[in-house]
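To start, the structure itself, in C-alpha coordinates.
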(Lines give C-alpha, C1' and ligand atoms only; values in the text may rest on other atoms or scores of the structure.)
Protein backbone atom coordinates (compact mmCIF):
# COMPACT_ATOMS: atom_id res chain seq x y z
CA UNK A 1 0.00 0.00 0.00
CA UNK A 2 1.34 3.41 -0.97
CA UNK A 3 2.63 5.52 1.90
CA UNK A 4 0.99 8.92 2.55
CA UNK A 5 3.15 12.02 2.17
CA UNK A 6 4.70 12.82 5.55
CA UNK A 7 3.31 16.41 5.48
CA UNK A 8 -0.29 15.18 5.72
CA UNK A 9 0.12 12.46 8.34
CA UNK A 10 -0.43 14.81 11.33
CA UNK A 11 -2.64 17.42 9.62
CA UNK A 12 -5.78 18.27 11.60
CA UNK A 13 -8.66 19.07 9.20
CA UNK A 14 -10.46 21.09 11.91
CA UNK A 15 -7.71 23.70 11.79
CA UNK A 16 -8.66 24.62 8.22
CA UNK A 17 -12.38 25.26 8.83
CA UNK A 18 -12.18 28.86 10.07
CA UNK A 19 -9.67 29.72 7.36
CA UNK A 20 -12.07 28.33 4.75
CA UNK A 21 -14.88 30.50 6.17
CA UNK A 22 -12.63 33.54 6.14
CA UNK A 23 -11.66 32.81 2.55
CA UNK A 24 -15.35 32.95 1.61
CA UNK A 25 -15.47 36.47 3.04
CA UNK A 26 -12.90 37.50 0.41
CA UNK A 27 -15.63 36.90 -2.21
CA UNK A 28 -17.91 39.53 -0.63
CA UNK A 29 -18.26 43.08 -1.88
CA UNK A 30 -15.04 45.10 -1.58
CA UNK A 31 -16.98 47.33 0.82
CA UNK A 32 -17.98 44.48 3.17
CA UNK A 33 -16.49 44.09 6.63
CA UNK A 34 -14.30 41.02 6.99
CA UNK A 35 -13.83 39.21 10.27
CA UNK A 36 -10.10 38.67 9.74
CA UNK A 37 -9.72 42.46 9.37
CA UNK A 38 -11.68 43.26 12.55
CA UNK A 39 -10.34 45.88 14.92
CA UNK A 40 -10.45 43.10 17.46
CA UNK A 41 -11.69 42.56 20.99
CA UNK A 42 -10.95 44.48 24.18
CA UNK A 43 -9.26 41.36 25.58
CA UNK A 44 -7.21 39.16 23.26
CA UNK A 45 -8.30 35.52 23.11
CA UNK A 46 -7.72 32.35 21.15
CA UNK A 47 -9.58 32.16 17.84
CA UNK A 48 -12.28 29.56 17.31
CA UNK A 49 -11.37 26.66 15.02
CA UNK A 50 -14.95 26.44 13.68
CA UNK A 51 -16.24 30.02 13.53
CA UNK A 52 -15.17 33.43 12.34
CA UNK A 53 -14.96 36.22 14.92
CA UNK A 54 -18.37 37.61 13.90
CA UNK A 55 -20.01 34.17 14.02
CA UNK A 56 -18.61 33.73 17.52
CA UNK A 57 -20.08 37.07 18.57
CA UNK A 58 -23.48 36.05 17.23
CA UNK A 59 -23.40 32.84 19.26
CA UNK A 60 -22.33 34.60 22.45
CA UNK A 61 -25.24 37.02 22.18
CA UNK A 62 -27.68 34.23 21.40
CA UNK A 63 -26.67 32.34 24.56
CA UNK A 64 -26.64 35.38 26.85
CA UNK A 65 -29.02 35.96 29.77
CA UNK A 66 -30.08 39.33 28.38
CA UNK A 67 -31.15 37.76 25.09
CA UNK A 68 -33.35 35.19 26.84
CA UNK A 69 -35.09 37.90 28.85
CA UNK A 70 -36.19 39.69 25.69
CA UNK A 71 -39.10 37.26 25.34
CA UNK A 72 -40.80 38.89 28.34
CA UNK A 73 -40.03 42.52 27.51
CA UNK A 74 -42.58 44.75 25.83
CA UNK A 75 -42.36 46.30 22.40
CA UNK A 76 -45.39 48.63 22.56
CA UNK A 77 -48.12 47.08 24.72
CA UNK A 78 -47.19 46.69 28.40
CA UNK A 79 -47.13 43.16 29.85
CA UNK A 80 -49.28 41.77 27.02
CA UNK A 81 -51.31 38.60 27.58
CA UNK A 82 -52.01 37.77 23.92
CA UNK A 83 -49.88 35.14 22.22
CA UNK A 84 -49.34 37.16 19.04
CA UNK A 85 -48.27 40.51 20.47
CA UNK A 86 -44.73 41.50 19.49
CA UNK A 87 -42.10 41.32 22.22
CA UNK A 88 -38.50 42.50 22.21
CA UNK A 89 -37.43 38.99 21.26
CA UNK A 90 -39.70 38.68 18.23
CA UNK A 91 -38.78 42.23 17.22
CA UNK A 92 -35.10 41.31 17.44
CA UNK A 93 -35.59 38.22 15.29
CA UNK A 94 -37.60 40.16 12.69
CA UNK A 95 -34.94 42.88 12.60
CA UNK A 96 -32.23 40.26 12.11
CA UNK A 97 -34.20 38.66 9.26
CA UNK A 98 -34.69 41.98 7.44
CA UNK A 99 -31.06 42.98 8.01
CA UNK A 100 -29.72 39.66 6.76
CA UNK A 101 -31.86 39.82 3.62
CA UNK A 102 -30.50 43.26 2.75
CA UNK A 103 -26.93 42.29 3.62
CA UNK A 104 -27.11 39.13 1.51
CA UNK A 105 -28.56 40.99 -1.46
CA UNK A 106 -25.75 43.54 -1.35
CA UNK A 107 -23.08 40.84 -0.90
CA UNK A 108 -22.07 42.19 2.50
CA UNK A 109 -21.15 40.29 5.66
CA UNK A 110 -24.29 38.52 6.80
CA UNK A 111 -22.66 37.16 9.97
CA UNK A 112 -21.73 40.63 11.19
CA UNK A 113 -25.18 41.95 10.35
CA UNK A 114 -26.86 39.14 12.28
CA UNK A 115 -24.63 39.49 15.33
CA UNK A 116 -25.27 43.19 15.82
CA UNK A 117 -28.99 42.76 15.05
CA UNK A 118 -29.38 40.08 17.73
CA UNK A 119 -27.62 42.34 20.26
CA UNK A 120 -29.10 45.72 19.44
CA UNK A 121 -31.90 45.71 22.06
CA UNK A 122 -30.29 43.77 24.91
CA UNK A 123 -30.34 46.86 27.11
CA UNK A 124 -34.01 47.70 26.70
CA UNK A 125 -35.95 48.32 29.89
CA UNK A 126 -39.23 46.69 30.88
CA UNK A 127 -42.29 48.45 29.41
CA UNK A 128 -40.60 49.42 26.15
CA UNK A 129 -39.89 53.07 25.46
CA UNK A 130 -42.18 54.07 28.34
CA UNK A 131 -39.80 52.36 30.74
CA UNK A 132 -36.82 53.88 28.97
CA UNK A 133 -38.27 57.38 29.35
CA UNK A 134 -39.11 56.78 33.00
CA UNK A 135 -35.58 55.62 33.83
CA UNK A 136 -34.09 58.53 31.88
CA UNK A 137 -35.97 60.92 34.18
CA UNK A 138 -34.20 59.45 37.21
CA UNK A 139 -30.58 59.43 36.06
CA UNK A 140 -28.55 62.66 35.84
CA UNK A 141 -26.99 61.47 32.58
CA UNK A 142 -30.30 60.17 31.23
CA UNK A 143 -30.81 56.68 29.85
CA UNK A 144 -30.80 55.30 26.33
CA UNK A 145 -31.38 51.66 25.52
CA UNK A 146 -28.64 51.48 22.87
CA UNK A 147 -26.04 52.72 25.36
CA UNK A 148 -27.35 50.21 27.89
CA UNK A 149 -27.16 47.44 25.28
CA UNK A 150 -23.49 48.26 24.85
CA UNK A 151 -23.05 48.25 28.62
CA UNK A 152 -24.70 44.83 28.82
CA UNK A 153 -22.27 43.21 26.37
CA UNK A 154 -19.23 45.07 27.69
CA UNK A 155 -19.73 45.10 31.47
CA UNK A 156 -22.77 43.17 32.76
CA UNK A 157 -22.94 39.77 31.10
CA UNK A 158 -20.95 36.84 32.49
CA UNK A 159 -20.89 38.20 36.02
CA UNK A 160 -19.34 41.51 35.03
CA UNK A 161 -16.84 40.16 32.51
CA UNK A 162 -18.92 41.07 29.45
CA UNK A 163 -19.04 39.09 26.23
CA UNK A 164 -15.79 40.53 24.82
CA UNK A 165 -17.33 41.13 21.39
CA UNK A 166 -15.49 42.55 18.40
CA UNK A 167 -15.33 46.30 17.94
CA UNK A 168 -17.54 46.21 14.83
CA UNK A 169 -20.43 44.47 16.59
CA UNK A 170 -20.23 46.80 19.58
CA UNK A 171 -20.23 49.86 17.31
CA UNK A 172 -23.27 48.60 15.42
CA UNK A 173 -25.16 48.03 18.67
CA UNK A 174 -24.45 51.56 19.87
CA UNK A 175 -25.18 53.36 16.61
CA UNK A 176 -28.37 51.55 15.57
CA UNK A 177 -30.62 53.95 17.47
CA UNK A 178 -32.28 57.05 16.03
CA UNK A 179 -33.65 60.29 17.39
CA UNK A 180 -37.30 61.10 16.82
CA UNK A 181 -37.93 62.73 13.46
CA UNK A 182 -36.48 61.71 10.12
CA UNK A 183 -35.94 57.96 9.87
CA UNK A 184 -32.40 58.65 8.63
CA UNK A 185 -31.62 61.09 11.46
CA UNK A 186 -28.36 60.54 13.33
CA UNK A 187 -28.19 60.29 17.10
CA UNK A 188 -24.85 58.60 17.72
CA UNK A 189 -23.19 59.01 14.35
CA UNK A 190 -23.07 56.71 11.34
CA UNK A 191 -21.75 53.19 11.76
CA UNK A 192 -18.40 52.76 10.02
CA UNK A 193 -19.50 49.43 8.52
CA UNK A 194 -22.22 49.14 5.90
CA UNK A 195 -23.57 46.23 7.92
CA UNK A 196 -24.11 48.59 10.86
CA UNK A 197 -25.91 51.04 8.59
CA UNK A 198 -28.17 48.22 7.41
CA UNK A 199 -29.11 47.42 11.01
CA UNK A 200 -30.27 50.97 11.62
CA UNK A 201 -32.76 50.86 8.73
CA UNK A 202 -33.76 47.22 9.28
CA UNK A 203 -34.71 48.09 12.87
CA UNK A 204 -37.09 50.78 11.61
CA UNK A 205 -38.56 48.57 8.88
CA UNK A 206 -39.27 45.83 11.44
CA UNK A 207 -40.71 47.87 14.30
CA UNK A 208 -42.88 50.14 12.18
CA UNK A 209 -44.56 47.26 10.40
CA UNK A 210 -45.06 44.92 13.34
CA UNK A 211 -46.33 47.81 15.48
CA UNK A 212 -48.97 48.47 12.83
CA UNK A 213 -49.93 44.79 12.94
CA UNK A 214 -50.18 44.90 16.76
CA UNK A 215 -52.33 48.04 16.64
CA UNK A 216 -54.68 46.44 14.10
CA UNK A 217 -55.00 43.29 16.25
CA UNK A 218 -55.74 45.51 19.27
CA UNK A 219 -58.50 47.30 17.36
CA UNK A 220 -56.80 50.69 17.49
CA UNK A 221 -56.79 51.12 13.72
CA UNK A 222 -57.32 49.37 10.41
CA UNK A 223 -55.21 49.26 7.27
CA UNK A 224 -57.57 51.82 5.72
CA UNK A 225 -56.76 54.30 8.53
CA UNK A 226 -53.12 54.53 7.43
CA UNK A 227 -52.19 57.59 5.35
CA UNK A 228 -53.31 57.09 1.76
CA UNK A 229 -50.10 58.52 0.32
CA UNK A 230 -47.88 56.13 2.30
CA UNK A 231 -50.09 53.18 1.34
CA UNK A 232 -49.78 54.16 -2.31
CA UNK A 233 -45.98 54.16 -2.12
CA UNK A 234 -45.31 51.32 0.32
CA UNK A 235 -48.25 48.97 -0.18
CA UNK A 236 -51.54 48.13 1.44
CA UNK A 237 -50.60 45.27 3.77
CA UNK A 238 -47.82 44.07 6.06
CA UNK A 239 -46.02 41.87 3.55
CA UNK A 240 -46.16 44.45 0.76
CA UNK A 241 -44.71 47.22 2.94
CA UNK A 242 -41.75 45.13 4.09
CA UNK A 243 -41.04 43.92 0.56
CA UNK A 244 -41.22 47.46 -0.83
CA UNK A 245 -38.89 48.88 1.81
CA UNK A 246 -36.33 46.07 1.58
CA UNK A 247 -36.24 46.29 -2.22
CA UNK A 248 -35.96 50.07 -2.05
CA UNK A 249 -33.01 49.94 0.35
CA UNK A 250 -31.22 47.36 -1.81
CA UNK A 251 -31.77 49.34 -5.01
CA UNK A 252 -30.88 52.72 -3.47
CA UNK A 253 -27.73 51.22 -1.90
CA UNK A 254 -26.64 49.10 -4.87
CA UNK A 255 -23.22 50.73 -5.09
CA UNK A 256 -22.39 48.93 -1.83
CA UNK A 257 -22.62 45.58 -3.61
CA UNK A 258 -19.48 46.22 -5.63
CA UNK A 259 -21.38 45.34 -8.81
CA UNK A 260 -21.13 48.85 -10.26
CA UNK A 261 -18.06 50.88 -11.29
CA UNK A 262 -16.51 52.50 -8.23
CA UNK A 263 -16.87 56.28 -8.27
CA UNK A 264 -14.33 56.91 -5.51
CA UNK A 265 -16.97 57.76 -2.93
CA UNK A 266 -17.65 55.38 -0.06
CA UNK A 267 -21.10 53.84 -0.51
CA UNK A 268 -23.83 54.38 2.07
CA UNK A 269 -26.92 52.38 2.99
CA UNK A 270 -29.86 54.63 2.13
CA UNK A 271 -33.48 54.78 1.00
CA UNK A 272 -34.92 56.57 -1.99
CA UNK A 273 -36.48 59.96 -1.26
CA UNK A 274 -39.96 58.68 -2.07
CA UNK A 275 -39.73 55.71 0.27
CA UNK A 276 -38.16 57.83 3.00
CA UNK A 277 -40.95 60.42 2.84
CA UNK A 278 -43.64 57.72 2.91
CA UNK A 279 -41.94 55.98 5.84
CA UNK A 280 -41.60 59.22 7.79
CA UNK A 281 -45.28 59.96 7.20
CA UNK A 282 -46.20 56.50 8.45
CA UNK A 283 -43.95 56.91 11.49
CA UNK A 284 -45.54 60.28 12.35
CA UNK A 285 -48.97 58.68 12.00
CA UNK A 286 -48.01 55.90 14.42
CA UNK A 287 -46.74 58.37 17.01
CA UNK A 288 -49.96 60.34 16.85
CA UNK A 289 -52.36 57.40 16.79
CA UNK A 290 -50.63 54.53 18.59
CA UNK A 291 -47.46 55.42 20.50
CA UNK A 292 -48.97 58.58 22.01
CA UNK A 293 -52.70 57.89 21.93
CA UNK A 294 -54.66 58.45 25.13
CA UNK A 295 -54.84 54.80 26.15
CA UNK A 296 -51.16 54.27 25.50
CA UNK A 297 -50.29 57.36 27.53
CA UNK A 298 -52.21 55.85 30.43
CA UNK A 299 -50.16 52.67 30.07
CA UNK A 300 -47.00 54.77 29.93
CA UNK A 301 -47.96 56.49 33.18
CA UNK A 302 -48.48 53.08 34.77
CA UNK A 303 -45.01 52.07 33.64
CA UNK A 304 -43.58 55.32 34.98
CA UNK A 305 -45.10 54.73 38.42
CA UNK A 306 -43.61 51.23 38.61
CA UNK A 307 -40.14 52.30 37.47
CA UNK A 308 -40.05 55.32 39.81
CA UNK A 309 -41.28 53.21 42.73
CA UNK A 310 -38.67 50.52 42.16
CA UNK A 311 -35.93 53.10 41.70
CA UNK A 312 -36.74 54.85 44.98
CA UNK A 313 -36.93 51.53 46.82
CA UNK A 314 -33.58 50.18 45.63
CA UNK A 315 -31.83 53.52 46.10
CA UNK A 316 -32.97 53.38 49.73
CA UNK A 317 -32.16 49.65 50.04
CA UNK A 318 -29.21 48.87 47.75
CA UNK A 319 -28.48 45.75 49.81
CA UNK A 320 -31.70 44.28 48.37
CA UNK A 321 -30.15 44.15 44.88
CA UNK A 322 -29.06 40.53 44.62
CA UNK A 323 -28.81 40.20 40.84
CA UNK A 324 -25.49 39.23 39.29
CA UNK A 325 -26.41 41.58 36.47
CA UNK A 326 -25.01 44.56 38.37
CA UNK A 327 -21.44 45.39 39.34
CA UNK A 328 -20.90 45.41 43.13
CA UNK A 329 -18.29 48.15 42.92
CA UNK A 330 -20.56 50.59 41.07
CA UNK A 331 -22.38 53.39 42.95
CA UNK A 332 -25.94 52.57 44.10
CA UNK A 333 -27.57 54.72 41.41
CA UNK A 334 -25.81 52.79 38.64
CA UNK A 335 -26.55 49.40 40.20
CA UNK A 336 -30.20 50.39 40.65
CA UNK A 337 -30.48 51.48 37.00
CA UNK A 338 -28.83 48.29 35.75
CA UNK A 339 -31.07 46.11 37.93
CA UNK A 340 -34.30 47.76 36.81
CA UNK A 341 -33.25 47.90 33.15
CA UNK A 342 -32.66 44.15 33.22
CA UNK A 343 -36.14 43.33 34.55
CA UNK A 344 -38.89 41.86 32.40
CA UNK A 345 -42.35 43.45 32.40
CA UNK A 346 -43.98 40.85 34.62
CA UNK A 347 -41.05 40.68 37.04
CA UNK A 348 -41.08 44.46 37.47
CA UNK A 349 -44.85 44.51 38.04
CA UNK A 350 -44.74 41.59 40.48
CA UNK A 351 -41.78 43.01 42.41
CA UNK A 352 -43.39 46.44 42.74
CA UNK A 353 -46.60 44.84 43.99
CA UNK A 354 -44.74 42.69 46.52
CA UNK A 355 -42.93 45.78 47.78
CA UNK A 356 -46.21 47.59 48.37
CA UNK A 357 -47.05 49.60 45.25
CA UNK A 358 -50.81 49.99 45.02
CA UNK A 359 -52.38 49.26 41.65
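The values are calculated or read from the model by the stated rules, or taken from the named source; none is laboratory data. A quick note: this is a predicted structure, and the numbers were derived from the prediction, not measured. All Cβ positions, even for glycine, are placed from backbone atoms using ideal geometry, and neighbour counts span all protein chains on display.
Which helices (runs of 4 or more DSSP H) sit wholly inside segment 1-107 and have at least 1 residues that are within 26 Å of residue 250 (Cβ to Cβ), at pLDDT 95 or above and under 24 Å from the mean Cα position of the chain (by Cα)?
Values: elements: 6-9, 17-25, 53-62, 65-69, 88-105.
Output list reads 17-25, 53-62, 88-105.
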Quiz item: Does residue 268 satisfy being touching a helix residue (DSSP H, G or I) at 6+ places or on another chain (Cβ under 7 Å), surrounded by fewer than 20 Cβ atoms within 10 Å (Cβ to Cβ) and closer than 30 Å to residue 257 by Cα?
Solution: yes
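When you go through 193, 166 one by one, which is the residue that is within 16 Å of residue 112 (Cβ to Cβ) and touching a strand residue (DSSP E or B) at 6+ places or on another chain (Cβ under 7 Å)?
On the way: 193 fails: touching a strand residue (DSSP E or B) at 6+ places or on another chain (Cβ under 7 Å).
Exactly one residue qualifies, and that residue is 166.
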Quiz prompt | Residues (assigned to a helix (DSSP H, G or I), touching a helix residue (DSSP H, G or I) at 6+ places or on another chain (Cβ under 8 Å) and under 23 Å from residue 105 (Cβ atoms)) located in segment 172-203 | solution = 172, 173, 175, 194, 195, 196, 198, 199, 200, 201, 202, 203
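Looking at residue 284, is it within 30 Å of residue 161 (Cα to Cα), modelled with pLDDT of 90 or more and either assigned to a helix (DSSP H, G or I) or over 24 Å from the mean Cα position of the chain (by Cα) (or both)? Write out each step before concluding.
Details: within 30 Å of residue 161 (Cα to Cα): no; modelled with pLDDT of 90 or more: yes; either assigned to a helix (DSSP H, G or I) or over 24 Å from the mean Cα position of the chain (by Cα) (or both): yes.
No.
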Quiz item: Which of (1) modelled with pLDDT of 95 or more; (2) under 20 Å from residue 186 (Cα atoms); (3) crowded, with 16+ Cβ neighbours inside 10 Å does residue 307 not meet, given it meets every other one?
Solution: (2)
Self-check item: Complete set of residues in segment 314-359 that are out of contact with any helix residue (DSSP H, G or I) (no Cβ under 9 Å at 6 or more places or on another chain), in a loop (DSSP other than H, G, I, E, B) and closer than 20 Å to residue 301 by Cβ
Solution: 358
